[in-house]
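As structure tokens, the structure follows; a few thoughts come after it.
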Amino acid sequence: MTIASTPLLIGLLLALAQAPAIAQESDTQLTPTKARITDESIYRDNSLYQTTQDRIQALNDGGRPVRDYHLSKAQCWLDVSFHEYSRNDRSDFPQEALSESTKLITAMEQGVTPLPNETPAVNNATRLREDLWKRFGAIYGTPGYECAQQAMACGEVELVHAGNEFNQQGWRHAKPYVQMAEDYVNDAEALARNCTPVPQNMELTANLLFDFDRDSMQRVHPDSMRAVTEALARVKDEKLKVTAVRLTGHADRIQGPNRQYNEDLSRRRAMSVRDYLVAQGIPAEVISYEWRGDSEPVQSCEGVPAKSLHECLLPNRRVEVKFEVQRASNPGE
């Protein structure tokens, strides 16, 4: 299997036709931003990106699979570095992301073991969406990790990418990369589940996200609704027995008429989800619910302007849904 050329690198491959000789592998430093103003310096940086891509390809050719966590992470650090370089990001992010890629590449070339799994907040990127970090973290050490490595590595890098964009240009610029990370974590969880035989007992999770100051199921965002719909479909299709459902309602930090308002709002959201699940055939006696008001946010949105605040705080307006299900030991049960 070979590494496919990424869209981000297609442009530089064309530029390399006129570029000077490829930079030495020991040279991993981009041209300083103030000097990045000539064709020669840009060609030189493009050749450095290509050299790094070639090193990743050589590792793959040598037997390290594309799905490998550390090879994937080196590729994704390289991609986000080049993406921001191409957008004329004058901060330290392109260099620091490239350095993370080359550190992993060098360690793999030298046969270092164990390789690090940490994902540093390069350029002091804000740590966004703690809930997504926890979902990635829950996959480590499980049998399904083997199949989920690539999605995990790239999702973690995109969360750092989002945090850097948040620092530089605010929530609206960070949002696309957060959405990419959400897609990656959903993919990683699905890959992990399907990687090995399903255990006898397991847990299916989803977050339902509500519009601002709303508590009815009609005001749940469609993308988050899809996760619950898929969980219910899986219960039906695989004839799983739901042994318990735990719901936890939350609200964002914007205060209502009084301090109790957000407590009540989070309770009503949990009750709406409970009623919905009962209507879908889940026995009421297996459903429990609680509410936390605005005490457990997963996204702070500090510094976000008022016009974007409701959108940024959306992940906090949630009901966490956890299905505990059991697969029958006898398929005929």
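Numbers at a glance
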quantity: Long-range Cα-Cα pairs in segment 229-314 (distance over 20 Å), rounded percent; calculated: 48 percent
quantity: Convex hull (Cα only) mean projected area of segment 58-101, reported in nm² to one decimal; calculated: 3.1 nm²
quantity: I139 accessible area, 1.4 Å probe, all protein chains in place, Å² to nearest 10; calculated: 10 Å²
quantity: Net charge, P120 excluded, C-beta distance under 13 Å - Lys, Arg +1, Asp, Glu -1; calculated: -2
quantity: Rg and Dmax [Cα atoms of segment 59-166; Å; Rg one decimal, Dmax integer]; calculated: 13.8, 42
quantity: Accessible area in square angstrom per residue, segment 234-326, 1.4 angstrom probe; calculated: 51 Å²
quantity: Proximal lysines relative to K34, as straight alpha-carbon distance under 28 Å, when same-chain residues fewer than 8 apart are discounted; calculated: K103
quantity: Sulfur and carbon atoms: percent of accessible area, the chain [1.4 Å]; calculated: 51 percent
quantity: Net charge of neighbours whose Cβ lies under 13 Å from the Cβ of P32, counting Lys and Arg as +1 and Asp and Glu as -1; calculated: +2
quantity: Of the DSSP H helices in the chain, those whose Cα atoms cover at least 20 Å axially and whose Kyte score averages -1.0 or more; calculated: 69-86, 93-109, 145-169, 171-195, 222-237, 261-279
quantity: Mean ellipticity per residue at 222 nm, deg cm²/dmol - from DSSP H runs of n ≥ 4 across the chain, formula -39500 (n - 2.57); calculated: -17000 deg cm²/dmol
quantity: Order by protection proxy (mean Cβ within 10 Å, highest first), peptides 76-86, 213-223, 178-188; calculated: 76-86, 178-188, 213-223
quantity: For the chain: relative contact order, % (alpha-carbon pairs under 8 angstrom, 6 or more apart); calculated: 15 percent
quantity: Straight-distance crosslink candidates among aspartates and glutamates, where the alpha carbon sits under 12 Å from K73 and sequence neighbours closer than 8 are dropped; calculated: E100, E118, E156, E158
quantity: Segment 73-222, accessible area per residue, ligands and nucleic acids excluded (1.4 Å, Å²); calculated: 45 Å²
quantity: Packing-based order for 58-70, 97-109, 164-176, using average beta carbon neighbours within 10 Å, highest first; calculated: 97-109, 164-176, 58-70
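The values are calculated or read from the model by the stated rules, or taken from the named source; none is laboratory data. Source: prediction; values computed, not measured. Positions of Cβ are backbone-derived with ideal geometry, glycine not excepted, and every protein chain shown enters the neighbour counts. Keep in mind that these areas ignore ligands, DNA and RNA; they rest on the heavy atoms of the full protein, side chains included. Shrake-Rupley method; radii C 1.70, N 1.55, O 1.52, S 1.80 Å.
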